[in-house]
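Peer 1: The structure that follows is given in the form of structure tokens.
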Amino acid sequence: MRAEAGLGEDVTPHVLRHTRATWLAQAGVDAHQAAASLGMTVEEFERTYSHVSPLFQKDAANAF
């Protein structure tokens, strides 16, 4: 299935899950909704997947 999608050997289910979670966080999806869609608690989601991205940093800087 991975080859059919044109994905390399380095693309694992974990990579896809992490990417989905990161994109949900960057899109501003509520943490409760994002966590539920991934089958985890809000605490697990925030601890594991909601890391600081350059986009978040830019928004924070522009707030000043």
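Peer 1: Got the relative contact order for the chain handy, in percent, Cα pairs under 8 Å and 6 or more residues apart?
Peer 2: 26 percent
Peer 1: At 0.36 nm per residue, minus the direct Cα-Cα distance, what do E43 and Q26 gain on full extension? Give it in nm, one decimal, please.
Peer 2: Full extension from E43 to Q26 adds 4.4 nm.
Peer 1: Here's something else I'd like to know. Match the structure shown to one of the listed values (i) 108; (ii) 55; (iii) 117 of volume of the Cα convex hull per residue in Å³, computed from it, and give that label.
Peer 2: (i)
Peer 1: What order do you get for D59, D10 when you list them from fewest to most C-beta neighbours inside 10 Å?
Peer 2: Taking fewest neighbouring Cβ atoms as first place, the list is D10, D59.
Read-outs throughout are calculated quantities, based only on the coordinates presented, and are distinct from any laboratory measurement. Note that the structure is predicted; figures quoted are calculated from it, not measured. We place every Cβ from the backbone using ideal geometry, glycine too, and count neighbours over all the protein chains shown.
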